[in-house]
Amino acid sequence: MKSSAGKRANQEPPQHPAAKLRDYVSADFDALYNLDRICYPRGIAYSRPELRWFLAQADALCVAAEIDAKIVGFLIADRDGPLAHIITIDVAPEHRRLGIGTLMLAEIERRLAAFGVRAISLETASDNEAGTAFWQRHGYRTIGVLQGYYLGNQDAYAMQKNLAE
């Protein structure tokens, strides 16, 4: 991936006053691609083929956050039996720290739990203090360091959350 145990997955997700969540549809592809390029530097942002591949996986889940009919965020996760992986979470810079990432994460966790997922993993850049704090706030714990994960020279934290806790 490029970037709480006390809350049960079947609870309603938190609400953002203006953001509405919906499922990804293929017409959203360009908006997601462009947003990913804004959120992540070249080489870390996904190419068109990579992003299409992740979205096309049979067990992929993708939610988009909209404000005034404009996509301002999205989250892609993939599941494999009792395990899931967050591929990416993107929130437009002008909409960060407003609860949109939390809203999308709560929805994805709820859906994954309904599929029987028991643990979710992800990777986030080790120098991304805000990103690491976000994941920790939501119950994700560092389980290792991946040397040179990004571009061969930037380390990442491998993080995981157990949904059964």
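Here the 3J(HN,Hα) profile of the stretch 100-116, calculated from phi with Karplus coefficients 6.51, -1.76 and 1.60 at θ = phi - 60°, is 5, x, 4, 4, 5, 5, 4, 5, 5, 4, 4, 5, 5, 4, 5, 7, x Hz, Gly and Pro shown as x. A full extension of the chain between Leu146 and Ala58 corresponds to an added length of 29.0 nm, given 0.36 nm per residue minus the alpha carbon distance. Using θ = phi - 60° in the Karplus curve 6.51 cos²θ - 1.76 cosθ + 1.60, the 3J(HN,Hα) couplings for the stretch 30-45 round to 4, 5, 5, 4, 5, 5, 4, 5, 6, 7, 10, x, 4, x, 9, 4 Hz; x is entered for Gly and Pro.
About the Cα centre of the stretch 14-165, what is the dipole size in debye to 20, counting +1 per Lys and Arg Cβ and -1 per Asp and Glu Cβ, all else neutral?
Computed about the Cα centre, the dipole is about 200 debye.
When Thr124, Thr132, Thr142 are sorted by how many other C-beta atoms sit within 10 angstrom of their C-beta, beginning with the fewest, the order is Thr142, Thr132, Thr124. Residues Ile87, Ile44, Ile71, arranged from fewest to most other Cβ atoms within 10 angstrom of their Cβ, appear as Ile44, Ile71, Ile87.
As an exercise, use a Förster radius of 25 Å and the Cβ-Cβ distance of Arg118 and Lys20 to find the FRET efficiency, rounded to the nearest 0.05. After rounding, the FRET efficiency stands at 0.30. Amide H contacts for Ala18 (H built 1.01 Å from N in the peptide plane; partners 5 or more residues away or on another chain; cut-off under 5 Å): none found. Scalar couplings 3J(HN,Hα) for the stretch 48-59, obtained by applying the Karplus form with A = 6.51, B = -1.76, C = 1.60 to θ = phi - 60°, are 4, x, 5, 5, 4, 4, 4, 5, 8, 4, 4, 9 Hz; x denotes Gly and Pro. Across 5 Å bins from 0, what is the distribution of all Cα-Cα pair distances for the stretch 86-138, in whole percents? Bin by bin from 0 Å, the calculated values are 4, 16, 28, 28, 15, 7, 2. Applying a DSSP loop filter and a limit of 15 other Cβ atoms within 10 Å to the chymotrypsin sites (Phe, Trp or Tyr not before Pro) in the stretch 80-141 leaves Phe115. Exposure proxy for Ser26, Ser47, Ser126: other Cβ atoms within 10 Å of each Cβ, ordered fewest to most, give Ser26, Ser47, Ser126.
Every read-out reported here was derived from the displayed coordinates using simple, explicitly stated rules and does not represent laboratory data. Nothing here was measured: the structure is a model prediction, and the numbers come from that model. As a convention, Cβ positions derive from the backbone with ideal geometry for all residues, glycine included, and neighbour counts pool all protein chains shown.
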